[in-house]
1. Being touching a strand residue (DSSP E or B) at 6+ places or on another chain (Cβ under 9 Å) and in a loop (DSSP other than H, G, I, E, B) is the filter here, so list the residues in segment B:135-148 that pass it.
2. Inside segment B:11-46, can you point out the residues that are in a helix (DSSP H, G or I), surrounded by 12 or more Cβ atoms within 10 Å (Cβ to Cβ) and touching a residue at least 12 places away in the same chain (Cβ under 8 Å)?
3. Please enumerate the residues belonging to segment A:43-55 that are surrounded by fewer than 14 Cβ atoms within 10 Å (Cβ to Cβ) and under 18 Å from residue B:127 (Cα atoms).
4. Among strands (runs of 3 or more DSSP E) lying entirely in segment B:64-134, which contain 3 or more residues that are free of Cβ contacts under 8 Å to residues at least 60 places away in the same chain, at the interface with chain A (Cβ under 7 Å from one of its Cβ atoms) and surrounded by 13 or more Cβ atoms within 10 Å (Cβ to Cβ)?
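Every number in this text was worked out from the coordinates using simple rules, so none of it is lab data. It should be emphasised that the depicted structure is a prediction, and the values quoted were computed from it without experimental measurement. All Cβ positions, glycine included, derive from the backbone under ideal geometry; neighbour counts span all protein chains shown.
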């Protein structure tokens, strides 16, 4: 199950796009995709490499949006 | 007649998994007439998958001819797929998308996406759901994958 897609379903503000890196090499290069899956937040405001746990991706989004921990 | 991309064995397996489908899902396909290497195969794959269950349907669009709609769904790459809910005539956009052909390992992602949207339940932890409620600005997550 793709975590980003779960988040998109949950929140009306979140959109999640799975990108086949080989088909879109320019975009993948721009985001310096090294390992897959790699999740880019808001066009580079944050990033998470690998199949990260839910809590990890939450923290990365929090940091990228500069939302303080509640 | 074009040769099928999915053999009978796969179709039967997928049909079994699709027993879990709940609410209707609308797949929106965006392609381009020329210069799109994987558009035809992606469309054919989507057509074969939605044909397996009557809870699934497909609408075909062209990113250039239907540019306004592409913009509405934030589609800027082809082939592009949107997995939306359907409620009667209404299409419910959840922001769940794919760019590129969902073949190989990603075929299972396609099936999982259909099940996810059909369930209308993210299945996320309470903590994550709570965090997502705090978000009041657009967030775009792009997940890069490779087919193998």
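1. To start, the set of residues in segment B:135-148 that are touching a strand residue (DSSP E or B) at 6+ places or on another chain (Cβ under 9 Å) comprises B:135, B:138-147.
Within segment B:135-148, B:135, B:138, B:146, B:147 meet the criteria.
2. Matches in segment B:11-46: B:11, B:14, B:17, B:18, B:39, B:41, B:42, B:43, B:44, B:45, B:46.
3. A:53, A:55
4. Details: elements: B:80-87, B:90-92, B:96-99.
Of the strands (runs of 3 or more DSSP E) lying wholly inside segment B:64-134, those with at least 3 residues that are free of Cβ contacts under 8 Å to residues at least 60 places away in the same chain, at the interface with chain A (Cβ under 7 Å from one of its Cβ atoms) and surrounded by 13 or more Cβ atoms within 10 Å (Cβ to Cβ) span B:96-99.
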